[in-house]
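Below is one structure, written out as structure tokens, with a few remarks after it.
What follows is calculated from the coordinates using simple rules that are stated; it is not laboratory data. Bear in mind the structure is a predicted one, so any value in this text is a computation, not a measurement. Cβ sites come from the backbone with ideal geometry, for glycine too, and all protein chains shown count toward neighbours.
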Amino acid sequence: MNFRYFRRLLVAVAALAAFTALVPAGAAATSTPAAGYEQFTGCPHPGQNPLIETCFRSVISGGELQMGNVEVPITSPITLSGGMTASGTFDFNSNGGLQQAKQTVPGGVIGFTGFTWLAEVLPPASLVLRAVIELAGTPGDQLAQPASLPVKVHFLNQILGNKCYVGSNVTPLKLQLITGTTSPPPPNSPISGSEGSVAVTSPSGITDITKGINVDNSFASPGASGCVLTLFGYLPISIDIPINTQSALPSPAGSNTTIQKFNAEHVAAVAVYP
């Protein structure tokens, strides 16, 4: 499928469907989404980026991100929102980007660090580990394939300090998401996503994509950095090396996987900001 052609076709249909909702020609564009399009508030209005052609919103409702031996199940929905220009450049305002949602990491701090002795000095509740998947650069065209999504993972627990990450803005996890079948280097085997169901809602012109699945198992994962042992008020000590040893990080391409179940919607920007 020619996804860029398909995207342009859907945008044209959406613009036509929304035409009757537009204000008279010559009127100034608004900076607030029109009624019925409030979910696209993360899409830049013309005063922020006049080149935006398509407003986009996706909710990742499930799946996982596996890096080396670390598994981050996606159980709290993550929203990605913004807009794309005609050339596929992604942009977003202060209401958009990748919403930060905390995920619970199986094995907790002990599984992440390998420090089994922590169970002897701390209660179980203080060893729970959360992870937040954050943007580490500008996403690519989310209606093309592959849809590039550079991310980093922030691990949250008071024992690890507040700057414990896998990936960074300089060395992100460079996800290349597709709904088709991957061709990863070994030892990974191909996995398949799903385009889901696509429908255009009338009269809003919004294109809805439901029950889609994005996949990628060809990316590399950098090692952990900024992780420090902060315990009982002692001077923080870097524990990047034991974490990387325990978690098999950095991990080369072909040894990591992400599966993202999603529902998405997009529409012509002129409908959102008439």
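Scanning the stretch 78-110 for residues that are out of contact with any helix residue (DSSP H, G or I) (no Cβ under 8 Å at 6 or more places or on another chain) and more than 20 Å from Tyr37 (Cβ to Cβ) returns Ile78, Ser87, Thr89, Leu98, Gln100, Ala101, Lys102, Gln103, Thr104, Pro106, Gly107. Restricting attention to the stretch 57-73, which residues are of a type in the set (Val, Ile, Thr) and closer than 25 Å to Glu38 by Cα? Matches in the stretch 57-73: Val59, Ile60.
Once the stretch 69-79 is narrowed to residues that are over 20 Å from Ser192 (Cα atoms) and over 11 Å from the mean Cα position of the chain (by Cα), the residue that is surrounded by the most Cβ atoms within 10 Å (Cβ to Cβ) is Val70. In the stretch 86-104, of all residues being assigned to a loop (DSSP other than H, G, I, E, B) and within 13 Å of the chain's Cα centre (by Cα), the one that is farthest from Phe155 (Cα to Cα) corresponds to Gly96. The residues of the stretch 238-256 that are part of a helix (DSSP H, G or I) and either of a type in the set (Val, Ile, Thr) or crowded, with 22+ Cβ neighbours inside 10 Å (or both), listed by number, are Ile241, Ile243, Thr245, Ser247.
Considered as a group, the residues in the stretch 257-274 that are in a helix (DSSP H, G or I) and more than 23 Å from the chain's Cα centre (by Cα) include one that is surrounded by the fewest Cβ atoms within 10 Å (Cβ to Cβ), and that residue is Val270.
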